[in-house]
Structure formats: structure tokens, C-alpha cells
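This report refers to the structure that appears directly beneath it.
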């Protein structure tokens with residue numbers, strides 16, 4: 001369930017916040033066809049993502065995205081409490097940008113469907129160029145409505161609403177330096193936990209020493225994130241970028257994200273390397289092992305709510321072709337990206353080891369993420 | 001405590017915005033000086049489909065969300 005919601009958040013970013021390239025110029029016409037594959041921790045997820053953006057006249061641009069996740073899961077959560085499963089999620093988005101003077105207004109609608117989950121999102125944003133286009137200010141709002149079901153219980157239907165408020169600022173600092181800042185608050189209300197997931201608690205009557213019961217999250221959550229990034233043009237035509245994000249929410253999670261990347265063109269090729277470091281503290285109601293059944297008002301054992309450190313190493317190669325155009329195509333690129341994701345959990349334990357209750361070693365996730373995509377500008 | 005921290009982070013920006021109201025701001029980087037910023041390698045997000053996908057990957061495995069968006073650019077620099 002958490003995986004599903006994340007798709008919606010990312011999609012809103014794709015169509016709304018990332019919409020206009022320049023406040024007083026519509027984004028370029030382009031088409032992207034991407035194949036993605038995630039493989040790690042007993043989970044395989046792959047599928048396509050297709051995006052098409054096209055101007056109509058001088059003041060309107062349409063964008064559409066079709067995205068699929070085909071999931072085959074035997075994750076640590078699944079193998080310790082349930083049975084491996086396969087699932088498919090389809091996500092469709094359409095949007096429109098309208099340019100008037102120095103202002104770009106954008107709207108988008110997103111729908112995500114799978115057998116036991118439906119989500120619809122509606123987004124609106126306004127971008128304004130200022131100070132000779134040195135500054136671009138963007139205000140964005142999105143409303144999301146989820147319907148959560150259970151595949152083993154037709155009578156189980158729960159709802160959740162989400163609202164996104166975002167302020168973004170992009171600033172040209174010097175002829176070599178550009179910076180971007182984004183402040184985003186997200187509020188959730190409704191059924192926010194995964195209906196299948198459980199917590200474990202000490203149970204001396206069970207031969208293995210513990211038992212499981214349904215997790216129970218609060219019905220509300222408000223989070224605030226502040227992100228800043230800066231990109232600098234190096235004298236020999238290369239670019240270096242630094243990023244930082246601070247995150248806090250009403251569940252007690254506090255995190256820091258830092259990243260640095262380097263981009264180096266070489267003929268028709270462009271190579272990028274990136275390192276990303278993420279740390280987070282646990283949610284107030286998280287525990288790997290509760291002392292007894294219903295020990296606290298709220299309880300969760302999702303590893304995403306635990307304390308951990310995540311590291312990500314990226315290598316990307318892009319090759320530009322048709323640089324002189326061909327037919328209606330202006331240019332194209334083919335891209336291959338590999339990400340290595342390493343997550344070291346501090347207090348989420350690996351129950352498959354058979355160690356003493358409460359003394360199991362901490363779990364570690366090692367995953368590879370592959371992207372192969374082709375882009376056309378026309 | 002958290003609200004205070006957020007306020008401290010936002011304060012310099014609010015002060016800068018306040019100063020900008022004191023008079024017209026002349027663009028200190030002229031349009032003809034933005035050739036490097038217009039280079040595709042200076043894009044904060046050249047591959048939006050890939051960026052959205054990786055944010056999806058991270059948000060599914062981390063507690064944090066949001067704050068990653070860029071607000072457009074001044075020179076093809078989103």
C-alpha cells in the first residue's frame with residue numbers, strides 16, 4: 001500500500017511541479033518511453049512508463065503519462081507473515097499547461113488502479129517568472145482521494161484523503177549557478193495503514209515466542225519537507241549538483257537527505273554519477289517487537305517507519321542521436337541508468353534467521369534499479 | 001521545536017523577499033550571459049519520467065516524502 005501511494009506523489013511531481021520549464025515559455029514537445037526494473041529484497045517490479053508532451057498553438061501544452069508496475073513480491077514482510085503474491089498497478093495521468101504573459105497555469109488528473117486499491121488525484125499549479133526571468137515562483141495544490149480494499153474481504157472498504165501544498169522557487173544566482181528550493185506540506189486523513197500488515201508482540205503462549213496482530217496507524221498525518229538544490233557549470237563544460245532535504249512529520253519521523261552528482265559530456269555521450277545519502281529516525285508508534293498485545297494506542301512495524309540509513313549509488317550514460325533532426329524529430333537520446341540501493345535498518349530485525357526473540361540481526365536491503373529509456377524531442 | 005526550526009530555515013528567504021520590495025531589481029545576469037545555463041547539462045531535471053520513477057522508488061521505501069520538486073527555471077533550467 002505504501003508503494004502504491006508513493007506512485008501518486010511522484011506522478012503529481014511529474015505533471016504539476018515539474019511542469020513548466022520556464023514560466024513564460026511552454027515546455028518542449030517530447031516523448032519518453034521508459035522500461036524500469038527493481039530487483040532486491042525478494043521483490044521484483046518492472047514495467048513501462050510512457051510520456052508524451054505536445055503543444056497546441058502558442059499558449060497550450062498537453063501532457064499524458066501511462067505507467068505500469070508489475071509486482072512479484074516475496075519481501076521480508078511477506079515471507080514472515082503472509083504468502084508471496086503478484087500484483088499489477090496501472091497509473092494514467094493527463095495534464096495541461098496554459099501560458100499567459102509571464103504566467104503558466106497547469107492542471108492535471110491522475111488515476112491509479114489495482115485490484116484492491118484506487119487513487120485519484122487532482123492538481124493545480126501557477127508559475128510566475130520575475131526579475132527578468134532570473135526568478136521563477138511556483139505555487140501548487142493537489143487533492144488526492146484513495147479507496148483501500150482487501151482482496152480477501154469484499155466488505156472491507158476504507159477511504160483516505162490527501163492534500164498537497166507546495167511553494168517552489170528557482171533562482172539564477174550567477175551565469176554559472178542556478179538554485180532551486182521547494183517547501184511542501186502534505187496532510188493525510190483517513191485509513192492510512194496497510195490493511196494486510198501486522199505488528200509482532202511477545203507471546204509466551206506461542207512456541208516461537210511471539211505472535212502477530214493488525215497494525216494500527218493514526219488517522220491523520222501532516223508532513224513538511226524543505227528541499228534545496230544547486231547546480232554549477234564547471235569551466236570545462238561539465239556540471240556538479242548538490243542537494244539537501246529536511247523532512248519532519250506529526251508521526252515523529254525526522255529525516256535528512258543529501259546528494260551530490262557530477263555530469264560530464266563526451267562527444268555524443270553524457271555520463272552522470274551520483275551519490276545519495278538518507279537518514280531517518282523512527283515513527284513514535286514504531287516497534288519491532290511490542291511487549292504485549294495492544295500495548296500502545298497506535299502501532300506499526302513497517303520497516304519504512306523504522307530508524308535506518310539508505311545509500312544510493314548511480315551511474316547513467318546517455319547517447320544523443322539524430323542531432324541534425326530527422327523528419328518531424330528534432331533530436332533523440334537513449335539512456336541507461338543503474339542505481340544501487342543499500343538500506344541498513346537499525347531496529348527492524350530479520351526474523352528469517354531463527355535467532356532468539358528480540359535478538360535477531362538487523363535487516364539489510366540490497367537492491368538494483370535499472371532504467372532504459374529513449375527520448376525524442378519534436 | 002520543529003516549527004521553530006522550519007522558521008529559522010525560511011527566515012533568510014523571507015528577509016530577502018522583504019528587501020526586494022525596496023525597489024526594482026535589475027537582472028544581474030543578462031539574457032545574453034545565460035548561454036551556459038541554457039546548456040542541457042545544466043538542467044535540474046532533464047529526464048522527468050526517470051526522476052518521477054526514482055522518487056517513486058524512494059518514497060516507497062523511506063518515510064520522507066515531498067520537497068523534491070523544482071519550480072521551473074529561468075533559462076531552460078528546470
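Here, each number is a calculation from the coordinates, and none is a lab measurement. Computed from a predicted structure; not experimentally measured. FYI the Cβ positions are ideal-geometry reconstructions off the backbone, even for glycines, and counts take in every protein chain you see.
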- prompt: Of A:56, A:126, A:167, which is the most mobile in a GNM of chain A whose springs link Cα atoms less than 10 angstrom apart?
  reply: A:56
GNM result for chain A, Cα springs below 10 Å: residue of A:161, A:203, A:188 fluctuating most strongly: A:203
field: Debye equation applied to the C-alpha atoms of the range A:101-377, log10 I(q)/I(0) at 0.11 Å⁻¹
entry: -0.90
- prompt: Can you sort A:86, B:51, A:104 so the residue with the fewest Cβ neighbours within 10 Å comes first?
  reply: A:86, B:51, A:104
message: If the elastic network links every pair of Cα atoms under 10 Å, which of A:225, A:355, A:317 fluctuates the most in the Gaussian network model of chain A?
response: A:355
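Mind running the shape call on the range A:269-378? Use the C-alpha gyration tensor, a ≥ b ≥ c as the square roots of the eigenvalues: rounded below 1.5 for a/c, prolate if a/b tops b/c, oblate otherwise.
Values: a/c = 4.19, a/b = 3.08, b/c = 1.36.
Judged from the Cα gyration tensor, the range A:269-378 comes out prolate (a/c at least 1.5, a/b above b/c).
Please tell me the relative contact order of chain A in percent, rounded to the nearest whole number, where contacts are Cα pairs under 8 Å and at least six residues apart.
Details: 1024 pairs, mean separation 45.8, N = 378.
Worked out over chain A, it gives 12 percent.
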field: Centroid-to-centroid separation of the range A:130-208 and the range B:25-61 [C-alpha atoms, Å]
entry: 22 Å
task: Any chance you could give the angle, 0 to 90 degrees and rounded to 10, that helix A:2-12 forms with the longest Cα principal axis of chain A?
output: 20 degrees
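Arrange the following residues from fewest to most other Cβ atoms within 10 Å of their Cβ: A:356, A:143. Intermediate values should be presented prior to the final figure.
On the way: A:356 8, A:143 14.
Neighbour counts put them in this order, fewest first: A:356, A:143.
Take every DSSP beta bridge whose two residues both sit in the range A:101-377, then give the antiparallel share in percent to the nearest 5. Walk me through the numbers on the way to the answer.
On the way: 151 of 153 bridges.
Percentage antiparallel, nearest 5: 100.
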- prompt: For A:127, A:75, what's the fewest-to-most ordering of other Cβ within 10 Å of each Cβ?
  reply: A:75, A:127
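So what is the calculated 222 nm ellipticity per residue for chain A, using -39500 (n - 2.57) for each DSSP H run with n of 4 or more, over all residues, to the nearest 500 deg cm²/dmol? Before the final figure, lay out each step's value.
On the way: 2 runs with 17 residues, N = 378.
Rounded to the nearest 500, it is -1000 deg cm²/dmol.
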